[in-house]
Each structure stands twice: as structure tokens, then as C-alpha cells.
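Bear in mind that the values in this text are calculations on the coordinates, not laboratory data. Just so we're clear, the structure is a prediction, and the values are computed from it rather than from any experiment. Positions of Cβ are backbone-derived with ideal geometry, glycine not excepted, and every protein chain shown enters the neighbour counts.
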Amino acid sequence: MVGQWSGREARALREAKRMSIREFAAHLGVHERLVSKWEAGGDRVHPRPVNQAALDTCLARSDDIERTRFAALAAPEPDSGPRPDAGRSAAPGGYSNDAELLALIDTGAARGEGLAAISEKDLIMAAAHEASEHAGRAEGTNIGPSTLDQLDADITRIANDYVHTPPMPMMVEMLRVRRRVYRLLEGHQRPSDTSHLYLLAGSLSGLLANASTDLGYLDAAGEQIRASWAYAEISGHNGLRAWARGMHALIEYWSERPHRALQLAQNGLQYADSATAAVRLHNIEARIWSKIGSTADTERAIHAAADASSAAAADSLHDEVGGVFGFSDAKASYYAGATYIHLGLAEPALAATERTIELYRTGPARQRSYGAESLARVDSAAAHLINGSLDGAEAALLPVLALDEDKRIAQLEERLTGVRRRICAPAFRGVAEARALDERIEEFCGSTATRSLPPGSG
């Protein structure tokens with residue numbers, strides 16, 4: 001233990017722990033200027049009792065290797081032989097080593113007479129030593145050669161597994177990986193790796209926004225997607241910017257704020273560097289316009305999506321990661337069906353929903369989105385009801401009503417509520433089959449994924 005700490009022992013402890021002044025100050029809970037002042041004062045400065053106690057605790061909690069280094073660094077230097085920084089005059093300039101000289105510069109004392117008392121060689125060498133030490137720390141990193149590759153693989157796996165897996169277990173996995181990314185960001189890495197970590201954090205926040213939406217927590221989804229946007233801005237990744245704007249637009253759309261949703265979707269187009277990103281945003285815009293009731297604007301957005309699909313450009317998020325971030329032909333067809341239902345156009349809605357169901361049925365099982373396919377079936381049922389076909393609506397809904405509870409996402413309840421309104425229309429009043437179907441839908445909506453969560457899960 002140290003009887004009384006001086007600036008010299010404090011510096012020895014910091015160097016023994018391989019910490020910068022900023023890191024050491026944060027570790028002790030003091031301002032970094034105070035640490036600089038201690039070190040500049042050397043043996044002449046003694047920290048206050050509360051800081052003496054903090055230094056005692058810091059040393060006590062150090063490992064054996066750090067204590068050994070501290071003992072060597074804190075030992076009084078032998079009288080024989082000059083120190084590396086010996087020969088500097090402590091009297092005129094008030095410094096006897098690099099730390100003391102740099103502390104004078106930090107405090108602004110190296111001006112006028114103070115500047116005249118500073119040796120030109122001392123100043124140049126102190127600056128050189130500081131650069132060398134800082135560069136050495138900058139080369140250090142908490143990111144191993146395989147860390148980012150593994151995290152990239154995690155993102156791709158989660159984004160693709162989510163489309164055919166219930167939201168809750170996937171949400172746990174998303175949170176686990178994002179917490180790892182956050183811990184890495186608290187450490188030190190190269191700037192390019194830091195940017196990559198922020199991209200990963202943004203992608204995971206976007207996935208969590210999507211899962212929160214599926215479970216019916218739109219306010220939480222809004223927080224997640226705003227975080228995703230912030231990380232996209234930090235990393236400067238246009239693919240994530242475009243995707244986050246589209247997801248935020250959908251959250252506002254489901255929150256009954258269509259005009260705000262339009263602004264977000266249209267804003268996202270400036271970041272759409274790939275065909276997939278542009279097609280997705282135009283489809284989202286068309287869907288919002290159809291809810292507002294503007295047929296002309298809906299058709300304009302649909303034509304814009306068709307034009308954008310012919311481009312060859314791709315981006316790493318939409319096209320390489322894919323899954324939730326992608327926008328396949330099946331997803332585009334599903335969006336078209338929902339858009340036509342808003343406009344009350346049964347025939348094109350039926351064509352689009354049937355194409356969606358067929359594309360998912362015949363496509364790769366890993367890319368089969370149970371959520372989009374189920375919602376397309378609900379839209380198909382709505383189109384059949386517009387045409388007056390109760391049998392067609394019932395046939396379309398049978399696979400949906402058989403879904404496991406943990407896959408009954410919140411959007412299904414909202415869309416099925418619209419189907420129930422159509423069943424209550426005068427054309428089906430008094431029809432026993434219509435009443436039976438309505439009762440089955442009511443029972444289904446009473447046991448969605450959100451309602452099946454254990455008490456306290458919200």
C-alpha cells in the first residue's frame with residue numbers, strides 16, 4: 001500500500017494499468033485535468049483524502065501484473081545516473097518532465113515570460129513523445145480479426161431467420177447481439193471499425209423496431225427506429241438510412257399519421273442507392289397514398305416503383321443481408337394487394353394477393369415470410385368480400401386462423417378487424433356462415449402474439 005499518494009505514484013499507477021489520462025480519470029471518477037495536475041506536480045502534489053482513498057481502491061483492485069508494474073514504476077529512482085528528462089530546469093519554466101511541460105501548455109501558462117523560459121528542444125521532444133505514445137494507444141483495438149465477421153454473420157442470420165420465426169425468441173437474440181456491440185463500442189478500436197459497429201447497432205435497432213411493431217408496441221418501435229437512424233447517420237450508411245426511413249414511415253402509417261409517414265418515405269428516397277431500396281420506398285409511399293385515398297398519387301408511386309426496379313444498383317443491407325431488410329417480388333406483390341384493398345379495387349387486389357401466396361408457397365422455405373403471407377391472405381379475404389364471395393373469404397382465411405399463437409402478429413388483428421366490418425355489411429346480414437366466420441375471427445384476435453406473452457412481459 002501507499003502511505004500518502006503523490007502525483008508521482010498516481011502516474012505510476014496509471015501507467016501500470018496501461019491507461020490514458022482520460023481513461024484513468026474516468027476510472028477514478030475525477031476530471032482528467034485533475035489527473036494532469038497531479039502528474040505535473042510529481043512529488044510536490046498530494047491528492048485530497050477522498051482521492052487518496054480512490055487511488056487506494058484502484059490499487060487494491062489491480063491484478064498481480066499491474067501491482068508488479070506499479071511497484072517498479074513507483075520505486076524512487078537511484079541517485080546515480082541522470083533521468084531521461086533530466087537537465088531541464090524546473091525553476092524558470094516550472095517543469096522537469098514532459099507531463100509537467102504539457103500541463104503548463106494546457107493551463108495556458110506557456111505565454112509571455114513563461115514561453116521564454118521553455119526550452120525549444122524540450123517543447124519539440126515533448127510533442128514528439130506525446131505523438132508517439134498516443135499513436136501506440138491508437139493502434140490498440142478491442143476488435144479481433146474475426147469479431148466483425150461474426151457480428152456480420154449474426155445480423156444476416158437474424159434478419160433472414162426472423163421472416164419465418166416467431167418474434168419473441170428472435171427479439172431476445174437481437175438484443176443479445178446488440179448488447180455485445182454496445183460493449184465493444186465502450187472500448188477502443190480503429191475509426192473504420194467503430195463506424196462498422198455503429199452500422200451493426202443501427203441494423204439491430206431496426207430489427208428490434210420491426211419486432212416491436214409485430215408485437216403491437218408502436219411507441220417502442222418508434223424509439224428503436226430513431227436510434228437506428230442516429231446510428232445510420234454516424235456510420236454514414238445510405239442503405240440503412242433508406243431502410244430506417246421506410247420502417248419509420250410504416251410505424252407512422254400504422255399509428256394513423258399518414259402525412260408524417262409520407263414525409264419520411266419521400267425523404268428516404270434521397271438515400272436509396274439501390275433498386276431494392278427505391279422500389280421498397282415507392283411501394284410504401286403508394287400504400288400510404290391509398291390509405292389517404294388519392295388514387296392518382298397511388299398510381300404515380302406504383303409507376304415509380306416499376307421504373308426503379310429496372311436499375312442494376314445494389315447495396316449491402318437490402319441486397320446482401322436481405323431477409324427483413326430485403327424487398328422480394330413476393331413482398332412487393334403483398335404491398336400491391338394491401339394498396340388495392342385501400343382503394344376498394346377487388347380484382348387487382350385478388351391478383352396481387354394470389355401471386356404473393358404462390359410466390360411464397362413455391363419459393364425457398366427460408367425466405368417464406370409467414371407474416372406477409374398471412375396478411376396477404378387477409379387482404380385476399382377482404383377482396384372476396386368486396387366481390388360478395390363469403391366462401392372465397394373463408395377459404396383465404398383458413399390458414400391464417402390456424403396460425404400458432406406466437407405467430408399472430410399485431411397487424412393481423414388490425415387487418416382482420418377490417419374484414420369483420422365487411423362481414424357485418426348488409427349483404428351478409430343474417431347469414432349463418434358469416435356469423436360463424438366472424439366468431440372465429442373474434443376468437444383468433446383474442447389470442448395474438450402480444451396477448452400470449454406472460455404477465456409482466458410488456
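For this structure, a couple of remarks:
- Using the average count of surrounding beta-carbon atoms within 10 Å as a protection proxy, the listed peptides 39-50, 239-250 rank, highest first, as 239-250, 39-50.
- For Cys424 and Asp219, the difference between the fully extended length at 0.36 nm per residue and the C-alpha to C-alpha distance is 70.7 nm.
- Taking label points 7 Å from Cα along the Cα-to-Cβ direction, Glu130 and Asn142 give a separation of 2.6 nm.
- Radius of gyration and Dmax over the Cα atoms of segment 352-458, both given in Å: 14.4, 44
- When Rg and the Kirkwood Rh are both derived from Cα coordinates, the Rg/Rh ratio for segment 255-365 amounts to 0.97.
- Reach of Lys37 by Cα under 14 Å, taken over aspartates and glutamates that are not fewer than 8 positions away in the same chain: Glu9, Asp98, Glu100, Asp106
- The angle between the Cα long axis of helix 32-41 and the longest principal axis of the Cα atoms of the chain comes to about 10 degrees, rounded to the nearest 10.
- Principal-axis tilt of helix 390-401 within the chain, Cα atoms, nearest 10 degrees: 30 degrees
- Cβ crowding within 10 Å ranks His259, His384 as His259, His384, fewest other Cβ atoms first.
- Mean Cβ neighbour count within 10 Å, used as a protection proxy, ranking 193-206, 276-289 highest first: 276-289, 193-206
- Ordered by the count of other Cβ atoms within 10 Å of each Cβ, fewest first, Leu416, Leu104 give Leu104, Leu416.
- The chain: angle of helix 329-342 to the longest principal axis, Cα-based, in degrees nearest 10: 60 degrees
- Point-charge dipole on Cβ atoms (K/R +1, D/E -1) for the chain, about Cα centre, debye to 20: 600 debye
- As a rough footprinting exposure proxy, the listed residues Cys424, Cys445, Cys58 were ranked by other beta carbons within 10 Å of their own, and the order from fewest upward is Cys424, Cys445, Cys58.
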